Amino acid sequence: MALDRGHAEAALLDAFFAAGWTQENLVDTLVVIGDKVVSNYLHSTTQIPVDFPAAPAL
C-alpha cells in the first residue's frame, strides 16, 4: 500500500478482508501509514532530536 502510494490492487484488499479485517481496520491501517510517513518527513527535514529516551536493546 505504501509503495504504491495508496493504490491497492483488488487482490490485496480481497486478501485483507478475507483475513478477517474490516473496513474500519483498513482506515486505521492507512492512518498508521500516514502517521509514519509524516513523522519520517518531519524528522528528516528538521533533524529535531527525539525527545524521549531510546529504548534499551533487547
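The values are calculated or read from the model by the stated rules, or taken from the named source; none is laboratory data. Values in this document were obtained by computation on a predicted structure and should not be read as measured data. For the accessible areas, the whole protein counts, side chains as well, though only heavy atoms, and no ligand, DNA or RNA atoms are used. Shrake-Rupley method; radii C 1.70, N 1.55, O 1.52, S 1.80 Å.
Brief remarks follow.
- Accessible-area ranking of 39, 44, largest first, probe 1.4 Å: 44, 39
- Only DSSP H runs of four or more residues enter the estimate; each adds -39500 (n - 2.57), and after division by the residues of the chain the mean residue ellipticity at 222 nm equals -19000 deg cm²/dmol.
- Label assignment, semi-axes √(5λ) of the Cα gyration tensor in Å derived from the structure, set (1) 18, 12, 10; (2) 50, 12, 8; (3) 30, 15, 10: (3)
- Computed from Cα atoms, the angle from the helix 23-46 axis to the main principal axis of the chain rounds to 30 degrees.
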